[in-house]
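> Pasting a structure here, questions to come.
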Amino acid sequence: PIDGTKGFLKGDDALYVVGLALVVNGKVAVGVMGCPNWTNGTTANKKEENLDPCPGNGILMVSHVCCGTWSRHLSPEIGQFTTAQDVWKRCFVDACSVVHMARFCIPDSQTWNMIPLSVLFDSTTDESDTRDENKILLRYACCGSLCKYIMVASGRASVFFSRARVNTQIKAWDHAVGMICVQEAGGQQISDWSGEPLDLAADLTGRRILYPSGGVLVTNGALHDKLVELISANYK
C-alpha cells in the first residue's frame, strides 16, 4: 500500500512510501519500505521544500528482527543494477541525548503548538539559526507518510511526534514497518505519549487499529524517557 497518498496523487516530489510488514503474534518480524523520491539531501525541513529528482534517487530500507536495519539507493531504472548503488549500508539512529539539541520531526498536517513540548521550547526550521536550550530544530514529514520513520532510522531526525486526533483512526499498517526499522536501527521501543509501547494486537477484531494515548512517539532511544517525562508534565 502507498502511504502518503495525497502527495502521490499530486504527481510531485512528495515523499510517499510503499511499506510492507510481517506481524507475528503482535510483533513485527520483517519490514521493507521504499521511498522513490528520497535523495541524499532530503531533510524535509520545511513544508514547501522542493526536491530535485536525479538518477539514483530513492531509498529502499529493510529490517529483520535481530538482524538490524539496512538501506540502499533505488536503481535509476526498474530491473537495472549497478555496482555502486547496490551496496547495502547499515542504518543507525543518531546518538543525541540532549533534548534541545535533537532534530524533531512532525507531520506537515500538524503544527508545533499541537505538541506538549511547545510550552517549553520554541522551534525553527532553519538549520542556520542560532539555537539555545529554549529552541529546537523542527522538520516536517512530507505528506504524513512513513518517511518519518526513514528519517529517524537513518539518523536524519532524532524524534518524531504525532498527536492523535479525535475521530481519526490510527492504522497499524501506517506504523508497523517503520517500527521495526527504527527499533533495529537502535531506537528501541516505539510508544504512545505515556511511554507505553504501541500495541499491534490491541484491535482484537481486525488487528488494524492502534490506540495510542495522546499520540505516537518515535525516538532514537536515548531521548525516549526524557521526552515521556516532559510530555507527562505538560500534556493536558
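Quick note: the coordinates plus some simple rules give every number you see, no bench work behind them. For clarity, every value in this text was computed on a predicted model and none was experimentally measured. Note that each Cβ is placed from the backbone with ideal geometry, even for glycine, and that neighbours are counted across all protein chains shown.
> For Asn167 and Asp132 in one chain, what is 0.36 nm times their gap in residues minus the Cα-Cα distance, to one decimal in nm?
Gain in length upon complete extension: 8.9 nm.
> Given a 10 angstrom Cα cut-off, can you work out which residue in Asn220, Asn25, Asn113 is the most mobile in a GNM of the chain?
Among Asn220, Asn25, Asn113, the largest mean-square fluctuation in the Gaussian network model of the chain belongs to Asn25.
> Here is the link list: Lys6/Lys236; Lys10/Lys226; Lys10/Lys135; Lys135/Lys171; Lys27/Lys135; Lys148/Lys226. Which ones come out longer than 29 Å on Cα distance?
With Cα atoms farther than 29 Å apart: Lys6/Lys236; Lys10/Lys226; Lys10/Lys135; Lys135/Lys171; Lys27/Lys135.
> Among DSSP beta bridges whose residues both lie in the chain, state the antiparallel percentage, nearest 5.
Close to 75 percent.
> Still on this model: What order, most packed first, do the peptides 125-133, 13-21, 221-229 have when packing is the mean number of other Cβ atoms within 10 Å of each residue?
13-21, 221-229, 125-133
> Moving on. Over segment 99-234, what is the percentage of antiparallel beta bridges among all DSSP beta bridges, to the nearest 5?
Taking every DSSP beta bridge with both residues in segment 99-234, the antiparallel ones total about 50 percent.
> Shifting gears a bit: Helix-only mean residue ellipticity at 222 nm, the chain, DSSP H runs n ≥ 4 weighted -39,500 (n - 2.57), per residue, nearest 500. What is it?
So the calculated ellipticity at 222 nm is -3500 deg cm²/dmol.
> If you don't mind, another one. With point charges of +1 on the Cβ of Lys and Arg and -1 on the Cβ of Asp and Glu, referenced to the Cα centre of the chain, which listed residue (Val218, Leu117, Val166) lies farthest in the positive direction of the dipole?
Val166
> Aspartates and glutamates near Lys89 by alpha-carbon distance under 16 Å, same-chain residues fewer than 8 away left out - which ones?
Result set, ordered by chain and number: Glu184.
> In whole angstrom, note down how far apart the Cα centers of segment 3-18 and segment 165-235 are.
Taking the Cα centre of each part, segment 3-18 and segment 165-235 sit 23 Å apart.
> Quick one: putting +1 on the C-beta of Lys and Arg, -1 on the C-beta of Asp and Glu, what dipole do you get for segment 102-162 around its Cα centre, in Debye to the nearest 20?
The calculation lands at about 260 debye.
> Starting from the amide H of Thr39, placed 1.01 Å from N in the peptide plane, find each other amide H under 5 Å away whose residue is 5 or more places distant or on another chain.
Gly58
> Around Val17, with a cut-off of 11 angstrom between Cβ atoms, what is the net charge of the other residues, counting Lys and Arg +1 and Asp and Glu -1?
With Lys, Arg at +1 and Asp, Glu at -1, the net is -1.
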